[in-house]
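What follows is a set of notes on a single structure, which appears directly below.
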Ligand SMILES: Cc1ncc(COP(=O)(O)O)c(C=O)c1O
């Protein structure tokens, strides 16, 4: 089982805190945005005498509420087309275990959310990466590149839209090209859409569930974690019009008995969140993104394409090795007692030696903190012993 590249620098961060440093945490996707009041109130108001298991597929009322949420955004879904899961994480596990056998292959554009490696390992599935490049802002490779990788063992393509860690948002045309490919080769298209609400600059998010002809091939991974900034409630879902996929996932769901009851209460209440919440949160993320991307690109030798969604950016740094640099930031550097924690991007690639000069930055702090974090990075890059430009 691979270690999470996002968490492996934690011991160095703990030592830095013990040494009295303040750390700007840009390394994990834990937003500081407040959870909607309606969800918090529902947790406060819980007064049953027993916290019971729920149905393995989740509360029926919640599933119906979720189906309604999808219908409101143009996705025609019935409540029995989805299973409530313990976060998007469990939905990913269900999807891989239900659609792929031991030894089967899944093609994933890299860099990708690092835990896809761990979930694939758990499911006995081999990840076949297809590289995207910072030079063209991580856009989808030519379809012929995908076709070169398809073997008799290939069962699925997994995309993240908008993407963690690149912030890339797929166009309708790109999704249609992928649709034609998966239909041609009879594959599944698994789309992790947990950042659906975070698409910026007027760009529209297209769900694979809206693509005509893809009904039997499309599987969506969803979560309340980022949408409502409530990562700790541990509630997500797997959605598919393919009855066999849902029936197989249901066997895994029954084996783990039930998704979290209190989390579902929060999730169901969160469905009532006012549209203004998302407008405010999106505006906040856009403001942060602009501060971050502008600030980083002003630093000599740094390249950071502007993300179109989610709340992450990949930056290329003028350093020998981004992992060494990230560790050194914690161990060997501070600017007036402050430093920054970033996630080395090599862990988001599955091809060896890719992304070694890149870091992933999560813009989950307010603009003032981001500005201070950028000042730290700027100062650090000027004195880092492994700096590659003089
Ligand atoms: C792309 C992506 N998918 C899935 C998850 C899993 O989130 P959760 O299990 O909290 O829903 C995350 C969490 O950061 C993520 O970034």
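Summary of computed values
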| quantity | calculated |
| --- | --- |
| Top of 65, 202, 124 by mean-square fluctuation, Gaussian network on the chain, Cα under 10 Å | 202 |
| Viscosity 1.567 mPa s, 4 °C: Kirkwood-radius Stokes-Einstein D of the range 110-263 over Cα pairs, µm²/s | 78 |
| Stretchable slack from residue 53 to residue 1, in nm (0.36 nm times residue separation minus alpha-carbon distance) | 15.7 nm |
| Residues residue 306 and residue 72, FRET efficiency given R0 of 30 Å [Cβ-Cβ distance, rounded to 0.05] | 0.55 |
| Relative contact order %, the range 289-390, counting alpha carbon pairs below 8 Å whose residues are six or more apart | 33 |
| Rg [Å, one decimal], Dmax [Å, integer] - the chain, C-alpha atoms | 20.9, 67 |
| Computed label-point distance, nm, for sites residue 61 and residue 139 using a 7 Å Cα→Cβ extension | 4.8 |
| Zone residues, the range 57-82, relative to residue 256, backbone N less than 13 Å from point 7 Å out along Cα-to-Cβ | 57-58 |
| Full-stretch length increase - residue 320, residue 8 - with 0.36 nm per residue and alpha-carbon distance subtracted | 110.4 nm |
| Cα long-axis angle, helix 87-99 against the chain (0 to 90 degrees, to the nearest 10) | 60 |
| Gaussian network model of the chain, springs between alpha carbon atoms under 10 Å - residue of 236, 355, 295 with greatest fluctuation | 295 |
| Projected-area mean, the range 1-45, by convex hull of Cα positions, square nanometres | 5.5 |
| The range 208-306: relative contact order in percent, alpha carbon pairs under 8 Å with at least 6 residues between | 18 |
| Sites residue 180 and residue 382 - FRET efficiency at Förster radius 41 Å, r taken between beta-carbons, to 0.05 | 0.25 |
| Highest-fluctuation residue, 61, 207, 229 considered, GNM on the chain with Cα pairs under 10 Å | 61 |
| Rounded to 10°, Cα long-axis angle of helix 243-255 versus longest principal axis of the chain | 70 |
| Computed over the chain: relative contact order in percent, which uses C-alpha pairs under 8 Å that are six or more apart | 25 |
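Only the coordinates and a few stated rules stand behind these numbers; no lab work does. Everything numeric here is computed off the predicted structure, so don't read it as measured data. Glycine gets a Cβ as well: all are built from the backbone with ideal geometry, and neighbour counts include every protein chain shown.
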